[in-house]
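Here's the structure, in structure tokens; my notes come after.
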Amino acid sequence: MNVEALINWVEAWAPPAWQEAWDNCGWQIEPGILSQPAGVLVCLTPTLTVMAEAIRLKQEGAPVNLIFAHHPLIFSPLKAVTVGDPVGDMVQLSMAHGIGVYSAHTNFDQVADGTADMLAQLLRLQNSLPVVPTQDDLGYGRVGDLPAPLSLDELLAIIQKTLNPPRLIHSPMADLQQRIDRVAVLGGSGASFMSAVAKTGAQAYLTSDCKFHQFQEGRDRNLILIDAGHYATERPACAKLVEKFQQQGVTWAQLSTADEDFRQFWQK
């Protein structure tokens, strides 16, 4: 499968037309690789560190020519491309080494096996539905029933074991033994969906990037917020992408090992 065929398949599965108006899905840098057999390094965020990994792999003999990322490299229109600027350096390295950068962001959030759907699968949520439907049976977030009721403490332990975030943050609750039957999930920054989640009957909401007053809002809505961090809640969907690309016939697809969380918690 060449790069063009792979991107055609991606865009039929997660059309860029579904992206939000502020988003920038699709090609970020295309250095003339469309006719080449696809060799894909998948990452959450396209950084210079990931580009360096792709270049190293290529120099070692791997046929990598595409960084497929969830987060866009370019959000705002560029006024200049200069050496020393991270985006400028990415463009220069991409062109010099023939490694393109493509992003599937809010379109990928909505689909089956996308960021939210993978969290629902990992927690084995049953009768899972979108929190905010946008297409037939697709949309932002997922809400469903646990296979069996769990205490809040048990649910937090499962999330910690499954996602392995550096630190799991949750709403302060008086009783960690309270029963949880129904859970909503949304990978990445999902606090803005809280009012929609509250209408689903979910008792707990797994997402990330929640601020102080959003935890307050969660309490006021009788909703337990669980913040596992942006990286931990979206990285599983990137791993699933590798599997899906291989199923489509991509002979070389690998998950980046240089992808970064950008956060480290100090422990004495």
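The values are calculated or read from the model by the stated rules, or taken from the named source; none is laboratory data. All values reported here derive from a predicted model rather than from experimental measurement. So basically every Cβ, Gly included, is an ideal-geometry build from the backbone, and we count neighbours across all protein chains shown.
Based on this model, can you work out whether residue 127 counts as among the polar types (S, T, N, Q) and more than 18 Å from residue 181 (Cβ to Cβ)?
It is false that residue 127 is among the polar types (S, T, N, Q) and more than 18 Å from residue 181 (Cβ to Cβ).
Residues in the stretch 135-155 that are touching a residue at least 12 places away in the same chain (Cβ under 8 Å), over 14 Å from residue 121 (Cα atoms) and part of a strand (DSSP E or B): 135, 138, 139, 140, 149, 150, 151. Residues in the stretch 130-144 that are over 18 Å from the mean Cα position of the chain (by Cα) and closer than 26 Å to residue 161 by Cβ: 144 alone. Within the stretch 225-243, no residue satisfies the criterion of being part of a strand (DSSP E or B) and basic (Lys, Arg).
How many residues are part of a loop (DSSP other than H, G, I, E, B) and among the acidic types (Asp, Glu) if we restrict to the stretch 103-124?
Here the count works out to 1.
On inspection, residue 52 fails the criterion of being in a loop (DSSP other than H, G, I, E, B), more than 19 Å from the chain's Cα centre (by Cα) and in contact (Cβ under 8 Å) with a residue 60 or more places away in the chain.
Residue 226 meets each of the listed conditions (1) farther than 28 Å from residue 182 by Cβ; (2) in contact (Cβ under 8 Å) with a residue 60 or more places away in the chain apart from (1). The listed residues are 21, 5, 12, and the only one of them that is in a helix (DSSP H, G or I) and free of Cβ contacts under 8 Å to residues at least 12 places away in the same chain turns out to be 12.
Please work out which residue is nearest to residue 104 (Cα to Cα), limiting yourself to the stretch 167-190 and to residues that are of a type in the set (Gly, Ala, Ser) and at pLDDT below 95.
171
Taken over the stretch 76-102, the criterion of being in contact with an Asp or Glu (Cβ under 8 Å, 6 or more places away or on another chain) and in a loop (DSSP other than H, G, I, E, B) is satisfied by 83 alone.
The rows are residues; the columns are (1) at pLDDT below 95; (2) under 25 Å from residue 77 (Cβ atoms); (3) surrounded by fewer than 16 Cβ atoms within 10 Å (Cβ to Cβ); (4) assigned by TED's automatic domain parsing to the domain that holds residue 133.
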residue	(1), (2), (3), (4)
10	no, yes, no, no
23	no, yes, no, no
31	no, yes, no, no
35	no, no, yes, no
42	no, no, no, no
45	no, yes, no, no
57	no, no, no, no
62	no, no, yes, no
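For residue 263, the conditions (1) basic (Lys, Arg); (2) free of Cβ contacts under 8 Å to residues at least 60 places away in the same chain; (3) in a loop (DSSP other than H, G, I, E, B) all hold with the exception of (2).
Is it the case that residue 258 is small (Gly, Ala, Ser), touching a residue at least 40 places away in the same chain (Cβ under 8 Å) and over 23 Å from residue 111 (Cα atoms)? It is true that residue 258 is small (Gly, Ala, Ser), touching a residue at least 40 places away in the same chain (Cβ under 8 Å) and over 23 Å from residue 111 (Cα atoms).
If you go through the stretch 242-258 one residue at a time, do you hit one that is of a type in the set (Gly, Ala, Ser), over 14 Å from the mean Cα position of the chain (by Cα), within 30 Å of residue 3 (Cα to Cα) and surrounded by 20 or more Cβ atoms within 10 Å (Cβ to Cβ)?
Checking the stretch 242-258: at least one residue is of a type in the set (Gly, Ala, Ser), over 14 Å from the mean Cα position of the chain (by Cα), within 30 Å of residue 3 (Cα to Cα) and surrounded by 20 or more Cβ atoms within 10 Å (Cβ to Cβ).
Residues in the stretch 170-219 that are farther than 19 Å from residue 233 by Cβ, among the charged types (D, E, K, R) and touching a strand residue (DSSP E or B) at 6+ places or on another chain (Cβ under 7 Å): 179, 181.
Confirm whether residue 198 is more than 16 Å from the chain's Cα centre (by Cα), modelled with pLDDT of 95 or more and exposed (fewer than 14 other Cβ atoms within 10 Å of the Cβ). Considered against the rule, which asks whether it is more than 16 Å from the chain's Cα centre (by Cα), modelled with pLDDT of 95 or more and exposed (fewer than 14 other Cβ atoms within 10 Å of the Cβ), residue 198 comes out as no.
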